[in-house]
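Encoded as structure tokens, the structure appears first; notes follow it.
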Amino acid sequence: LLPSFSSVRRVFPLTRPCHGRRGLKLSNSSRAQPHRYCRVHTIPKNTLLLSSSQLALSAIPISAYRKMSRKGSLQVQVTVPSFFLCPISLELMRDPVTLSSGQTFDRSSIQQWLDDGHHTCPVTRQPIPDSDLEDPIPNHALRRMIQAWCVQNKSCGVERILTPRQPPSLRDIPHLLDLLAPARSSASTNAHESLDALQTLIRIAIERPHSRHTILLSGTLPCLTKLLSRSYPGLAPLAAASPTPMSFTIAEEALKLLDLLIDPELFADFDQQQLHSHEELIMSLANALLRSGTPDSRPRAASILLRLGPSDCLRRKMGQLQGFIAALVEMIQEFDVSSRAALGLLADVCAASNLNRVTAAEVGAVGTLGQFLLCLQQHDSEDKATTEMILRALEVICQCAEGRATVAAEPSILTTVVKHMSAVSERAAHHAVHIVLLVVKWAPEADEMKSAALKEGALIKAIAVAQSATASETRLAARRLAASLSEALPHSHLSHTMRIL
């Protein structure tokens with residue numbers, strides 16, 4: 001807690017540094033003789049000497065001040081009792097909590113310690129029981145002592161520490177889930193209770209990430225599914241279920257909570273097949289992506305669907321929803337980070353059926369993906385993940401005749417894809433090689449596509465990929481592409497390496 005000696009010299013130019021628990025203090029003789037060193041006195045531990053200007057700008061939490069005036073200027077000696085300091089952050093505790101080991105810490109510091117994966121007390125190294133992980137005991141007596149001390153020294157400029165709002169307990173989760181019961185959301189008063197319960201659960205999930213698994217195991221998923229289906233029906237809507245503005249607000253909050261809870265690492269205790277085949281949840285999310293009115297909800301719904309990994313049957317159903325694939329293409333046209341979830345979802349939906357691939361080609365997905373890829377190339381973007389996702393989606397769509405015809409009609413797309421055969425990563429090269437192979441072999445103008453690919457250097461790059469790729473599937477596709485492109489060359493131009501290929 002002691003400031004560096006360099007800063008002390010700036011504040012007190014007539015002092016000399018000392019080590020250990022000895023501090024710096026101006027003596028009476030130094031005031032009369034400004035060119036002599038001051039006498040050095042021993043001062044208590046955890047003491048700071050600051051000027052008034054530095055005190056106003058200092059972010060160091062303090063508990064008591066003692067003023068000393070000299071020729072109109074203000075010098076302050078700060079003493080911090082050691083039991084007011086958090087053992088982890090060494091700062092004044094604002095929300096002290098006590099563990100079963102008997103040690104007291106600031107709530108934010110011990111929570112960060114636990115979030116980093118530690119399961120022992122930072123001081124005693126004793127294992128921390130689950131009760132402390134879930135709900136550490138607040139030390140109200142110590143907090144009141146700190147607040148009283150701050151109030152006592154208010155005249156010295158000490159700001160009073162406000163009483164922190166206690167976080168909700170994990171033991172309240174069953175009660176909160178009862179408030180989310182769909183049957184109780186019909187009345188406006190109960191709807192407000194459901195909204196408050198959702199916001200409380202979101203707060204728990206944000207402030208205490210370790211509690212997300214507990215929330216998920218408590219039966220939250222069925223409740224959230226029912227709340228979503230009220231505004232975005234996943235199955236045949238009931239005649240009595242008419243969405244209201246409050247139900248849409250509750251559905252938006254349910255999406256936020258789902259976004260925090262849907263994590264593949266949290267699904268270890270779930271039946272994967274049952275989760276991926278949860279038809280009502282999947283289709284409700286798909287309808288939320290189509291009909292949501294807020295700008296953040298559509299990317300959030302797409303991200304949740306991508307992480308859920310629906311079954312092939314549900315992906316086919318999602319693609320058959322009117323306007324669903326067009327909505328994904330519209331999201332991709334934003335050309336930003338939020339487009340990544342739409343890219344992955346578009347590839348998954350199109351991989352489920354040929355009808356979805358044809359629909360994607362008809363709504364302009366190929367041109368949008370080509371523009372996105374060209375945009376990344378022109379800006380020298382190093383976002384390999386997005387490039388790989390674009391190429392994967394383009395490869396899936398090119399598996400239908402309509403997708404290949406669109407690529408053949410826009411030569412700039414083929415040119416951009418060929419440039420990515422060896423420039424980004426092996427996975428990107430894998431998708432790029434398959435795209436070029438599909439186009440030059442099965443496109444209506446196959447001979448013209450071969451000539452265009454040869455002009456862009458696709459043959460040399462295919463040979464390089466065939467020799468350097470680690471995946472056998474990528475090497476085989478590169479050899480097939482090189483052999484197909486070699487058919488468009490005169491026999492006299494073939495090298496010995498190409499004859500072997």
Top-ranked residue of region 91-114 - restricted to ones that are open to solvent by 50 Å² or more (accessible area, probe 1.4 Å) and at pLDDT 90 or above, ranked as nearest to GLU159 (Cα to Cα): ARG94
Condition broken by ALA423, with the remaining ones in (1) surrounded by fewer than 22 Cβ atoms within 10 Å (Cβ to Cβ); (2) part of a helix (DSSP H, G or I) satisfied: (2)
Whichever residue in region 292-315 is surrounded by fewer than 17 Cβ atoms within 10 Å (Cβ to Cβ) and among the charged types (D, E, K, R) and, among such residues, is nearest to CYS223 (Cα to Cα): ARG307
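Within region 460-473, can one find any residue that is among the acidic types (Asp, Glu) and either without any contact (Cβ under 8 Å) to a residue 40 or more places away in the chain or more than 16 Å from HIS434 (Cβ to Cβ) (or both)?
Restricting attention to region 460-473, the residues satisfying the condition of being among the acidic types (Asp, Glu) are 473.
Then keep just the ones that are either without any contact (Cβ under 8 Å) to a residue 40 or more places away in the chain or more than 16 Å from HIS434 (Cβ to Cβ) (or both); that gives none.
The answer is no; no qualifying residue exists.
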Within region 331-349, considering residues that are farther than 17 Å from LEU290 by Cα and among the hydrophobic types (A, V, I, L, M, F, W, C), the one surrounded by the most Cβ atoms within 10 Å (Cβ to Cβ): ALA347
Number of the condition not met by GLN152 [criteria: (1) modelled with pLDDT of 80 or more; (2) within 30 Å of ASP115 (Cα to Cα)]: (2)
Those residues of region 127-160 which are closer than 30 Å to THR214 by Cα, more than 32 Å from the chain's Cα centre (by Cα) and in a loop (DSSP other than H, G, I, E, B), in sequence order: ASN139
Residue that is modelled with the highest pLDDT, among those in region 120-149 that are among the aliphatic types (A, V, I, L, M) and open to solvent by 80 Å² or more (accessible area, probe 1.4 Å): MET145
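Filter region 244-283 down to residues that are modelled with pLDDT under 65, polar (S, T, N, Q) and not in a helix (DSSP H, G or I), then give me how many there are. First the steps, then the outcome.
Our first condition is that a residue be modelled with pLDDT under 65; within region 244-283, this holds for 266-277.
Okay, now just the ones that are also polar (S, T, N, Q), so 272-274, 277.
Checking the rest, the ones that are also not in a helix (DSSP H, G or I) come to 277.
Counting residues in region 244-283 that are modelled with pLDDT under 65, polar (S, T, N, Q) and not in a helix (DSSP H, G or I) gives 1.
Conditions (1) of a type in the set (Val, Ile, Thr); (2) modelled with pLDDT under 80; (3) in a helix (DSSP H, G or I), marked per residue:
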residue	(1), (2), (3)
ASN190	no, yes, yes
GLU193	no, no, yes
LEU201	no, no, yes
ARG212	no, no, yes
PRO222	no, no, yes
THR225	yes, no, yes
Some residue of region 439-446 being at pLDDT 90 or above, buried (at least 21 other Cβ atoms within 10 Å of the Cβ) and under 22 Å from ASN356 (Cβ atoms): yes
Residue that is surrounded by the fewest Cβ atoms within 10 Å (Cβ to Cβ) [pool: residues in region 447-457 that are of a type in the set (Gly, Ala, Ser) and under 10 Å from VAL418 (Cβ atoms)]: GLY457
Test set (1) more than 22 Å from the chain's Cα centre (by Cα); (2) surrounded by fewer than 17 Cβ atoms within 10 Å (Cβ to Cβ) - LYS384 fails condition number: (1)
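The values are calculated or read from the model by the stated rules, or taken from the named source; none is laboratory data. The structure presented is a predicted model; accordingly, all values stated were derived computationally and were not measured. Don't worry about glycine lacking a Cβ; one is built from the backbone with ideal geometry, like all the others, and counts go over all protein chains shown. Only protein heavy atoms, including side chains, enter the accessible area calculation; ligands, DNA and RNA are left aside. Shrake-Rupley method; radii C 1.70, N 1.55, O 1.52, S 1.80 Å.
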